[in-house]
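The next block holds one structure in the form of structure tokens; read it before the comments.
What follows draws every value from the coordinates through simple rules; no lab data is involved. Not measured: the values here are computed from a predicted model. When we count neighbours, we look across all protein chains shown, and the Cβ atoms used for this are built from the backbone with ideal geometry, even at glycine.
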Amino acid sequence: MWVNGGAQKGAAEDMPPPKQDFVEGWGIPAPDVVLTLPKPFSVPAAGVIDYQYAIVPTSFTQDKWVQMLEVRPTDRAVVHHIIAYLREPGSNYFKDQKPGVFFTAPPPKADEKTDTSALPSDFLVGYAPGQPAEILHPGEGKLIKAGSDIVFEVHYTPNGKPTTDQTKLGLVFAKTPPKERVLTLSASNGAFKIPPGDPNYRVDATFEVRKDVTLVGLHPHMHARGKSFEYRLVFPDGRKDTILSVPVYNWHWQLWYNLTDPINLPQGTKIECTAHFDNSANNPENPDPTKSVIWGQQSWDEMMVGFFNLKFDARMSSKELTAAEGAVHTH
């Protein structure tokens with residue numbers, strides 16, 4: 001490196017302007033609001049911890065447009081992932097649950113035909129190892145309505161020593177009301193059953209766009225057996241385009257792929273996702289190649305979710321995009 005080689009520092013007046021200040025380890029400028037888990041959560045040295053949920057009121061008395069968002073664990077070593085969901089006033093999402101305490105979700109009803117993979121459509125922002133802060137372009141924003149709560153979903157994984165975590169969510173508001181709203185949605189499939197030893201098991205999921213929108217980002221999600229992931233667009237005229245191929249998926253480092261050139265999706269376009277899983281003994285990450293694998297929350301189970309960010313006219317209701325989609329449900 002030229003610095004290590006002893007090169008002299010240049011003239012101060014020739015230096016580029018400093019970047020925006022990033023404070024206290026945030027990947028965004030100083031947040032306008034920080035929402036925090038109600039108290040530190042004690043993570044034991046070993047064992048299995050059910051997903052922990054906590055409802056944190058925003059106390060916003062007016063609608064807020066957010067341009068930058070970051071979920072920040074205080075001990076990343078024991079956090080597998082976090083999702084911060086929006087719960088708008090009147091929502092049925094955990095409607096009888098008190099805010100300010102940790103709780104676990106009720107188990108799904110015993111119905112093998114039910115696909116429980118669908119996520120609430122009000123996904124605000126997530127965290128997983130490798131996932132950076134979400135920084136939208138000027139003129140874009142995510143909407144948090146007045147009186148909304150944040151529902152934190154946290155997956156803790158003990159790593160051999162007891163610790164605590166008190167995750168934070170930082171928000172930077174848009175300086176002016178944006179013209180375009182960004183919404184995170186997903187195509188998922190939870191009805192699969194991966195046979196023991198299968199080195200290349202395929203799972204597909206599809207999401208159909210109900211209005212004209214623009215695709216701006218993609219985020220594939222699988223667990224230890226995840227091998228590859230692909231996104232394709234099928235346009236109403238039949239044209240098909242592969243827009244993202246991840247041939248060697250790494251569940252330890254999960255990335256958002258933000259498009260340099262966003263793609264306009266006319267009404268009726270289908271977002272197709274194809275995942276392949278390696279449940280063989282040749283996969284060094286595989287917890288047990290002798291077992292069949294189904295959808296589940298823990299890391300030795302599997303997931304197949306193709307997240308994506310859509311943007312659209314800020315005056316349009318999100319319900320116009322999601323009302324008839326299988327990806328929407330209430331708890």
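Under the definition of Cα pairs under 8 Å and six or more residues apart, what whole-number percent is the relative contact order of the range 181-320?
Numbers: 343 pairs, mean separation 61.6, N = 140.
Answer for the range 181-320 is 44 percent.
So which GluC sites (Glu not before Pro) in the range 190-290 end up in coil per DSSP with only 14 or fewer other C-beta atoms within 10 Å? Before the final figure, lay out each step's value.
Working: sites: 208, 230, 272, 285; in loops: 285.
Qualifying residues, ordered by number: 285.
Remark: the residue 235-residue 176 segment gains 17.9 nm on full extension, using 0.36 nm per residue and subtracting the alpha carbon distance. Bridging of residue 291 to aspartates and glutamates at a Cα separation below 13 Å is possible for 198, 278, 301, 302, once same-chain residues fewer than 8 apart are set aside. Under the criterion of Cα pairs below 8 Å and six or more residues apart, the relative contact order for the chain equals 23 percent. Helix-only arithmetic for the chain: the sum of -39500 (n - 2.57) across DSSP H runs with n ≥ 4, divided by the residue total, places the mean residue ellipticity at 222 nm at 0 deg cm²/dmol. Separation between the residue 102 and residue 260 pseudo-spin-labels, each 7 Å from Cα along Cα→Cβ, expressed in nm? Label-label distance for residue 102 and residue 260, simple model: 4.4 nm.
Net charge of the neighbourhood of residue 158, taken over other residues with C-beta under 13 Å away and scored Lys/Arg +1, Asp/Glu -1, is -2.
Here the chain is treated with +1 on each Lys and Arg Cβ and -1 on each Asp and Glu Cβ, and its dipole about the Cα centre works out to around 320 debye.
Normalised Debye scattering of the range 181-320 at q = 0.11, 0.14, 0.16, 0.19 Å⁻¹ gives log10 I(q)/I(0) of -0.43, -0.66, -0.81, -1.04, counting only Cα atoms as equal scatterers and leaving out solvent.
Put simply, the Cα atoms of the chain extend 64, 48, 46 Å along their principal axes, the longest span coming first. Between rounded, prolate and oblate, where does the range 247-318 land on the alpha carbon gyration tensor, with a ≥ b ≥ c its root eigenvalues, rounded for a/c under 1.5, else prolate if a/b exceeds b/c? Prolate. Placing dummy labels 7 Å off each Cα toward the beta-carbon, the span from residue 250 to residue 135 is 2.2 nm. Ignoring aspartates and glutamates fewer than eight residues from residue 161 along the same chain, the ones with Cα atoms less than 14 angstrom from its Cα are 75.
The modelled label-to-label distance between residue 45 and residue 319, using points 7 Å beyond Cα along the C-beta direction, is 5.3 nm. Shape of the range 115-205 from the C-alpha gyration tensor: oblate (a/c of 1.5 or more and a/b not above b/c, with a ≥ b ≥ c the square roots of its eigenvalues). Classify the range 166-217: rounded, prolate or oblate, from the alpha-carbon gyration tensor (a ≥ b ≥ c, eigenvalue square roots; a/c under 1.5 rounded; otherwise prolate if a/b is larger than b/c)? It is oblate, given that a/c is not under 1.5 and a/b is not larger than b/c. As a proxy for reagent exposure, 94, 308 were ordered by neighbouring Cβ count within 10 angstrom, fewest first; the result is 94, 308.
Working note: Karplus 6.51/-1.76/1.60 with θ = phi - 60° gives the range 66-74 the couplings 10, 9, 9, 9, 8, 8, 10, x, 8 Hz, where Gly and Pro are set to x.
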